[in-house]
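To start, the structure under review is shown below, and the notes come after it.
The values are calculated or read from the model by the stated rules, or taken from the named source; none is laboratory data. The structure presented is a predicted model; accordingly, all values stated were derived computationally and were not measured. All Cβ positions, even for glycine, are placed from backbone atoms using ideal geometry, and neighbour counts span all protein chains on display.
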Amino acid sequence: MTLKASNLTLARGGVPVLTGLSFVLEPRAALILRGPNGAGKTTLLRTIAGLQPAVEGEISGAADQIAYAGHADGLKAMLTVRENLMFWAQVFGRHDITPALDAYALHPLADRLAGTLSAGQKRRLGLSRLLVTGCPIWVLDEPTVSLDTDAVAMFAAAVRAHLAQGGSALMATHIDLGLEADVIDITPYRAMTTLRVGASDEAFL
Amino acid sequence: MPDLGKYAVEVLSAYAASLVLLAALVMLSLRRGRAARAALKEIEAKVKKDG
Amino acid sequence: MIALLMRDLRLAFRAGGGFGLGLAFFLIVTTLVPFSVGPQPALLSTIAAGVLWLGALLACLLSLDRLLALDYEDGTLDLLLTAPLPLEAAVSVKALAHWITTGLPLVLAAPVLGVLLNLPGAGYGWLVISLAIGTPALSVIGTFGAALTVGIKRGGLLLSLLVLPLYVPTLIFGAEAARRGAAGLDPATPLLMLAGITLATIALMPFASAAVLRMGLR
Amino acid sequence: MSIWSYANPVKFLALSTKVQPFLWVAAAGCVIVGLIWGFFGTPDDFRQGSTVKIIYLHVPSALMAINAWFMMLITSLIWLIRRHHVSALAAKAAAPVGLVMTLIALVTGAIWGQPMWGTWWAWDPRLTSFLILFLFYLGYIALWEAIEDPDTAADLTSILCLVGSVFAVLSRYAVQFWNQGLHQGTSIPVATGERSVSDVFWYPLLTSMVGFGLLFLALVLYRTGTEIRLRRAQALRVRAGREL
């Protein structure tokens, strides 16, 4: 499934942050977003994931293909690792969570309550959720936050395996994962404050 | 002043209460309106100076 | 959908899940009533049906602010929004889970508390029936209120302010049915109206709740 | 030129600034004439005595209390369908006015009810409905205040207004079913065209109702202007902040 975004204008809090951004994400490819804080990486990823509408432009090939992982992992402290994963697998209509446990070395933790895990372990659990969704396009916002070197390696391996199976990944990260990935710097697409088209407060300027 | 008979207190208090409420509403609206005008003027002047 | 229901139920029954809080609240409110109005059996038996309905309603309200706020805080709502599950179905399931963990225990506990308030013998059946028909509406309407206030810090009080007026028709018909039942009158009309409200809210409110959630999470 | 062109804030402000002086004068004139005429120029009712004079406040405010919600319902729908900001802000501006109108109707009603029914408050369907309406206004205003993003606030309050309208109507019937009530029938039945009020009372009442209507309009226009200015100030501030 090819994800295409063309001529996107995106707004945060009603004010345009990015404009004129286009990219294509082919199967088996990864695309890494770079840009300073506040450049609009999270806004872009949330828009691609369908959590907010684009002000202008078109996104194709995204419907029901996307597994999104944001800053929060959607874990329940009072459920075990296994129960948390099983829940997300079932929401996406699947049942097998063993590969996910394998990929992030979660077997020893499987019956611990998620609330008792360390921050890095929680993050591993959150990332393993991507594997149980079975979705071909991963949209990841700072996936490596609070991961140690080993865990980053596990993540890189998981992404590589995902790409090898025909999947694709779009992520915002500052860490070099050693992937064959295109990098797109979104700084030049920053919307000028004079840009009015489509802003929710446009009528008031 | 008309003769209000035995209900004078009721009638007068009804008028007084209503007029006070209406006056309060108008006053509050005007105050908020003036504050908004002032705030807008300030920011418009600043934007013009900067840009 | 079943997965979501099972997860919500499991969370409610685990430690800190809040199951039983509503029930305890219901018990305390019912216990406090005689302290405030006096212990005369005749007085208590006339107000019993209404007090029990009001207590159940308040107990329902108590757990609403956890209904969506917890899922919002840990990011589950965002992830559910991107999942292939329609949001309308998700909020319906969450309302159902709320009813099973809050409404249903209240329905079952009401007759026991009726004893404390001298509920007339004829009233027990109708009280349970009216609560069983009416409490699902409370959960569904409450879910709408929870969806409206989901992104708001300290939205609990606001949630009550928004939801309580919406509860008026349900309370009127529900308590009326229970009261008529207790007084030995025919409760059919208010019960049918109550059933109508419940069915209509179950059918329509999830769309409003889902729309509101989508707008609020944007 | 279509009516929608006034959905543009600048045009709306220009027009509303132009008509407002006339509106204020007309509103004040009608309210004052209606009330003075009613207060000094009408006889006492043979049953209700001088309390009948309260009608010149009670009926117009009750009328506007309902019309204000109705207006909010329509402007909310326009916002949801056509996304005109002025419409959403007009709904926001009208809510406190409606709240005060409801309060006046409740207070005058209670003061009137005391000598007539022997009680300040009765759980009569009309009184109860107005109390519920009051609660709806409170909730609506509180929701506007609680949400930071103005567009999200407009969206959510619009839906609340829609859902609230349905429940308000439902409550009206529920309350009627629940208690038949003391309140007299409607004073101005629209359908039959027959009035239960005689001409002596009717003309000052009509003047007062027109006055309250104009006052409502003037207040809403003024307050909508305030909201537009605040919104513009916020928009400019956000953008000025991002330049830095």
In region D:19-42, the residues that are free of Cβ contacts under 8 Å to residues at least 12 places away in the same chain and either not in a helix (DSSP H, G or I) or not β-branched (Val, Ile, Thr) (or both): D:21, D:22, D:40
Identify, please: which residue in region C:1-43 is among the charged types (D, E, K, R) and either touching a helix residue (DSSP H, G or I) at 6+ places or on another chain (Cβ under 6 Å) or under 18 Å from residue C:61 (Cβ atoms) (or both) and is, among those, nearest to the other protein chains (Cβ to nearest Cβ)? C:7
Working only within region A:163-191, note down all residues that are among the hydroxyl-bearing types (Ser, Thr, Tyr) and either assigned to a strand (DSSP E or B) or more than 18 Å from the chain's Cα centre (by Cα) (or both). A:168, A:187, A:189
Any idea which of (1) over 23 Å from the mean Cα position of the chain (by Cα); (2) part of a helix (DSSP H, G or I) is the one residue D:47 doesn't satisfy? (2)
Going residue by residue through region B:4-12, is there one that turns out to be of a type in the set (Phe, Trp, Tyr) and more than 16 Å from residue D:32 (Cα to Cα)? yes
Hey, among the residues in region D:152-166 that are at the interface with another protein chain (Cβ under 8 Å from one of its Cβ atoms) and in contact (Cβ under 8 Å) with a residue 24 or more places away in the chain, which one's farthest from residue C:211 (Cα to Cα)? D:164
Can you tell which of C:195, C:203, C:178 is assigned to a helix (DSSP H, G or I), away from chain D (no Cβ under 12 Å), at pLDDT 90 or above and closer than 21 Å to residue D:125 by Cα? C:178
Residue C:92 fails exactly one of (1) of a type in the set (S, T, N, Q); (2) closer than 19 Å to residue C:167 by Cα; (3) surrounded by fewer than 18 Cβ atoms within 10 Å (Cβ to Cβ), namely (3)
Hey, among the residues in region B:4-41 that are small (Gly, Ala, Ser), more than 8 Å from chain D (Cβ to nearest Cβ) and within 15 Å of the chain's Cα centre (by Cα), which one's nearest to residue D:45 (Cα to Cα)? B:23
So if I check each of C:164, C:108, C:138, C:113, which one is assigned to a helix (DSSP H, G or I), within 14 Å of chain D (Cβ to nearest Cβ), at negative phi and surrounded by fewer than 24 Cβ atoms within 10 Å (Cβ to Cβ)? C:164
Is one or more of the residues making up region A:194-201 over 23 Å from residue A:46 (Cα atoms), modelled with pLDDT of 85 or more and outside any strand (DSSP E or B)? no
May I ask you to list the residues in region A:55-66 that are within 17 Å of the chain's Cα centre (by Cα) and not in a strand (DSSP E or B)? A:61, A:62, A:63, A:64, A:65
Do we have any residue at all in region A:126-140 that's among the small types (Gly, Ala, Ser) and modelled with pLDDT of 90 or more? yes
Scan (1) surrounded by fewer than 18 Cβ atoms within 10 Å (Cβ to Cβ); (2) of a type outside the set (S, T, N, Q); (3) facing chain C (nearest Cβ under 8 Å) for the single condition residue D:141 breaks and write down its number. (3)
